[in-house]
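What follows is a set of notes on a single structure, which appears directly below.
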Amino acid sequence: MDTLNIAKIGGNIVNDTEQLKLFLDEFISLDHPKILVHGGGSSASDMCKKLDIPIQIKDGRRITDGPALDVAVMVYAGLINKNIVAKLQARSANALGLSGADLNIIPAEKRSGMEIDYGFVGDIKADSINTYFLRRLLDEQIIPVISAITHDKNGQLLNTNADTIASTLAVALCDAYEVELTYCFEKAGVMHDVDDENSLIDLLTKESFANLKTKGIIKDGMIPKLDTAFEALSHDVQNVQIKHAKNLSNQTGTELSL
């Protein structure tokens with residue numbers, strides 16, 4: 001099977017002109033078929049502040065009420081997505097910007113039955129992903145650029161964590177490709193101390209993750225990111241790494257292992 005590279009970038013990269021440039025230069029240098037998944041939480045937060053919309057986050061995950069969903073759709077599926085697509089086209093990389101509603105690629109279910117009401121947040125499953133259209137796009141050497149917006153198949157858009165989307169896409173496409181999943185952000189990888197660039201954890205196992213989480217060394221938004229990463233590994237994704245956006249094509253970063 002051919003190798004498929006799935007890369008995910010977050011808001012701190014898409015908001016930084018220089019870091020986004022470095023990442024996209026690295027991304028298009030990858031030889032194999034590729035998919036780019038992006039978030040944009042910091043951009044959405046900035047827009048919410050401008051519009052005086054409260055920002056609600058619990059355990060590293062965003063709570064999305066009606067006004068916050070409108071902002072998420074505008075920022076993720078609109079401004080950020082099309083900006084990335086345009087920059088890829090400028091590098092002669094033919095890209096197509098998509099939300100989960102487009103081509104019914106990522107249907108979701110509104111999260112329910114939990115102590116916390118996350119609002120218009122969608123949960124997704126690998127066996128619901130419409131891999132047919134993704135494979136057709138990849139066969140035509142088109143790069144899908146997927147935003148963190150899904151839908152419930154009844155006309156309702158939903159906000160879905162971009163890390164979860166990347167992980168679930170990786171699992172869904174394992175039958176057709178040897179999938180390599182990389183989470184790119186502004187740090188060198190998973191750190192013992194987020195303020196010390198020399199404290200990189202080169203290899204993180206599921207057991208060491210649990211220990212570091214218990215000690216409070218790994219915390220906040222890194223916990224759900226790693227949860228999704230280990231979920232992908234447990235479902236036959238070949239390789240999962242977390243690294244700085246500028247290091248996408250090299251081995252510098254944190255490699256995950258079960």
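The values are calculated or read from the model by the stated rules, or taken from the named source; none is laboratory data. Since the structure is predicted, the reported quantities are computational estimates derived from the model, not experimental observations. Here Cβ is always computed from backbone atoms with ideal geometry, including for glycine, and neighbour counts include all displayed protein chains.
At a glance:
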item: Hits in segment 86-117 - residues which are under 16 Å from TYR132 (Cα atoms), part of a helix (DSSP H, G or I) and in contact (Cβ under 8 Å) with a residue 24 or more places away in the chain; result: LEU103, ASN104
item: When residues of segment 51-85 are limited to those that are closer than 16 Å to GLY39 by Cβ and in a loop (DSSP other than H, G, I, E, B), the one modelled with the lowest pLDDT; result: GLY60
item: Which listed residue, of ILE53, ILE80, is aliphatic (A, V, I, L, M), in contact (Cβ under 8 Å) with a residue 40 or more places away in the chain and crowded, with 17+ Cβ neighbours inside 10 Å; result: ILE80
item: Selection within segment 226-248 - in contact with a Lys or Arg (Cβ under 9 Å, 6 or more places away or on another chain) and surrounded by 13 or more Cβ atoms within 10 Å (Cβ to Cβ); result: LEU226, PHE230, LEU233, ILE242, LYS243, HIS244
item: Tally, over segment 95-120, of residues that are in contact with a strand residue (DSSP E or B) (Cβ under 7 Å, 6 or more places away or on another chain), at pLDDT 95 or above and either crowded, with 18+ Cβ neighbours inside 10 Å or not hydrophobic (A, V, I, L, M, F, W, C) (or both); result: 13
item: Any hit, segment 212-224, residues being within 22 Å of SER112 (Cα to Cα), of a type outside the set (Asp, Glu) and not in a helix (DSSP H, G or I); result: yes
